[in-house]
Amino acid sequence: MGVLTTIYSVPVPLMKKIKADHDNLGFLFGVEESGGDAWKCETFECDKGFEERIGILGENGYPKTKEALDLESADEEDPSYDGYDVRVVSPATVKKIAKEIASATAAELTKKGLANGTTDYYGKPIPAEAYAYYVGDIEEMKAFFAKAAAAGNWLVIGAA
C-alpha cells in the first residue's frame, strides 16, 4: 500500500472521547498538538508492510487476527479522520487476537507462508528474504497485543 500504519493502544476514557468526537483522532495521531501528553498511548509501528503482515498472519493460521485488523474491511461504525484509513478494535477482540497469536513465531510464519505461497498486497508471492521485514518483530507485536489486552484497551489503527 505504501502508507505508514500505526496501531495505538487506547485506554477506555480516551476511546470515549474519540467516539464522542472523531476529530479527537487528530490528537491521537499527533496531527493536533493542543492535546498534549493526555493523548500519548502505547504504539506499534508497522511501517509500510501492514497489509502483508496481516496477510501472512491470516493465511497461515491466524485468520481472526487478519479479519480484525484488516483496513480493507473496516466496520461502518469505525470513526473517520481526514487523510487516514482508520480501524477500531474492541477490548474483547484485542483479547482474542492476543490469545490467537500467542504461539506465532517468525520461523513458523515464514515456513508456512512460503509453503502456502502467501502473496503481497499486489498478488505477488512474498520472497523468503522479505519475511524478516514483515514478521521479524512478531515477538514485539505479540507483547504489544498482550499488554493492550491485559489493560482492557481498545486499538485504533491509523494508516496515512
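Contact map, region 1-30: first residue under 20 Å from F145 (Cα atoms), second residue β-branched (V, I, T) and not in a loop (DSSP other than H, G, I, E, B), Cβ cut-off under 6 Å, separation 6 or more or different chains; pairs are T6/T43; I7/I157; Y8/T43; Y8/V156; V10/V156. Whether any residue in region 110-125 is touching a Phe, Trp or Tyr at 6+ places or on another chain (Cβ under 7 Å) and over 19 Å from E42 (Cα atoms) is what I want to check. Within region 110-125, one or more residues are touching a Phe, Trp or Tyr at 6+ places or on another chain (Cβ under 7 Å) and over 19 Å from E42 (Cα atoms).
Counting only residues that are modelled with pLDDT of 95 or more and surrounded by 11 or more Cβ atoms within 10 Å (Cβ to Cβ), region 121-131 holds 5 of them.
In region 36-82, the residue that is surrounded by the most Cβ atoms within 10 Å (Cβ to Cβ) out of those that are closer than 26 Å to N24 by Cβ and among the small types (G, A, S) is A68. Only a single item in (1) β-branched (V, I, T); (2) surrounded by fewer than 18 Cβ atoms within 10 Å (Cβ to Cβ); (3) modelled with pLDDT of 95 or more is not met by V31, and it is number (3). Of all residues in region 1-22, which are over 22 Å from T93 (Cα atoms) and exposed (fewer than 14 other Cβ atoms within 10 Å of the Cβ)? G2, L4, D21, listed by residue number.
Selection of region 101-111 for residues being touching a Lys or Arg at 6+ places or on another chain (Cβ under 8 Å) and buried (at least 18 other Cβ atoms within 10 Å of the Cβ) yields I101, A104. All but one of (1) farther than 13 Å from N60 by Cα; (2) among the hydrophobic types (A, V, I, L, M, F, W, C); (3) surrounded by 14 or more Cβ atoms within 10 Å (Cβ to Cβ) hold for L114; state the number of the condition that does not hold. Tallying (1) farther than 13 Å from N60 by Cα; (2) among the hydrophobic types (A, V, I, L, M, F, W, C); (3) surrounded by 14 or more Cβ atoms within 10 Å (Cβ to Cβ), L114 fails exactly one: (1). Among residues that are more than 17 Å from A148 (Cβ to Cβ) and without any contact (Cβ under 8 Å) to a residue 40 or more places away in the chain, K64 is not included. Scoring Y84 on the criteria (1) among the hydroxyl-bearing types (S, T, Y); (2) over 16 Å from Y121 (Cβ atoms); (3) under 12 Å from the mean Cα position of the chain (by Cα) leaves a single failure, condition (3). Total residues in region 65-95 satisfying the condition of being touching a helix residue (DSSP H, G or I) at 6+ places or on another chain (Cβ under 6 Å), farther than 24 Å from E129 by Cα and of a type in the set (D, E, K, R): the figure is 3. Residue count for region 1-57, restricted to those that are aromatic (F, W, Y), within 30 Å of N116 (Cβ to Cβ) and in a strand (DSSP E or B): 1.
The values are calculated or read from the model by the stated rules, or taken from the named source; none is laboratory data. Treat the numbers as computed from the prediction; the structure is a model and nothing was measured. In this analysis, Cβ positions are derived from the backbone assuming ideal geometry, glycine residues included, and neighbour counts consider all displayed protein chains.
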